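Colleague: Attaching a single structure in structure tokens format; questions to follow.
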């Protein structure tokens, strides 16, 4: 837990298996979420914020108070904040041991739920002060908790859409009041036109709905 903050300020490579190094003058990950003037472009979802316990180190590390371009107070995404001199400049954490631990827990749960619970509790103990181990007795219950934990740990790393698709869930966005229902053709992306034109074998094999 003591090293975790330093991972996100690029002072430590603990937990990092593979990263995309970013140097001054190169593309900045953080400015996907806010501008160079430090105004927020995206606001963290209330559902994500409320999923964290008060003693979870990730809550104030990944989400912070800020303002949008109109000066309105928002909860901004703070995972790749960079430095004052280089706003948003941060290494891309492409693969972390924490992600692998969650992958292992998901896989092993189908054959050994006790071991899967140990892996999930180990991760939570490293993120939440005073965590008391919880053991989930059914596969469905465990998988629901695993999905929540993946959202907490891997937020803004590009996993949520694919997690929800893999679990066969609907995806609801309360801000725009829209739901992507399970089974909707949009869970699969269209094959790019250039790929269809460049390969006669797949020329007429566009994904359904496009």
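Colleague: Among the listed residues 121, 117, which satisfies the condition of being buried (at least 18 other Cβ atoms within 10 Å of the Cβ) and either part of a helix (DSSP H, G or I) or modelled with pLDDT of 95 or more (or both)? Lay out the reasoning, then the answer.
Modeller: Numbers: 121 fails: buried (at least 18 other Cβ atoms within 10 Å of the Cβ).
Answer to the selection: 117.
Colleague: Please specify each residue of the range 182-210 satisfying the condition of being under 29 Å from residue 107 (Cα atoms), in contact with a helix residue (DSSP H, G or I) (Cβ under 9 Å, 6 or more places away or on another chain) and in a loop (DSSP other than H, G, I, E, B).
Modeller: Scanning the range 182-210 gives 182, 188, 207.
Colleague: All but one of (1) out of contact with any helix residue (DSSP H, G or I) (no Cβ under 9 Å at 6 or more places or on another chain); (2) closer than 16 Å to residue 4 by Cα; (3) assigned to a strand (DSSP E or B) hold for residue 60; state the number of the condition that does not hold.
Modeller: (3)
Colleague: OK, next. Give all pairs with beta carbons closer than 8 Å in which a residue from the range 81-106 that is surrounded by fewer than 16 Cβ atoms within 10 Å (Cβ to Cβ) meets a residue that is assigned to a helix (DSSP H, G or I); count only pairs at least 6 apart in sequence or on separate chains.
Modeller: Note: pairs meeting the criteria are 104/119.
Colleague: Kindly list the number of the only condition in (1) within 16 Å of the chain's Cα centre (by Cα); (2) touching a residue at least 24 places away in the same chain (Cβ under 8 Å); (3) assigned to a helix (DSSP H, G or I) that fails for residue 161.
Modeller: With (1) within 16 Å of the chain's Cα centre (by Cα); (2) touching a residue at least 24 places away in the same chain (Cβ under 8 Å); (3) assigned to a helix (DSSP H, G or I) applied to residue 161, the lone miss is (2).
Colleague: Any idea which of 192, 174 is over 24 Å from residue 150 (Cα atoms) and either touching a residue at least 24 places away in the same chain (Cβ under 8 Å) or exposed (fewer than 13 other Cβ atoms within 10 Å of the Cβ) (or both)? Walk me through how you get there before you give the answer.
Modeller: Details: 174 fails: over 24 Å from residue 150 (Cα atoms).
Exactly one residue qualifies, and that residue is 192.
The values are calculated or read from the model by the stated rules, or taken from the named source; none is laboratory data. Predicted, not measured: the structure shown is a model, and the values here were computed from it. As a convention, Cβ positions derive from the backbone with ideal geometry for all residues, glycine included, and neighbour counts pool all protein chains shown.
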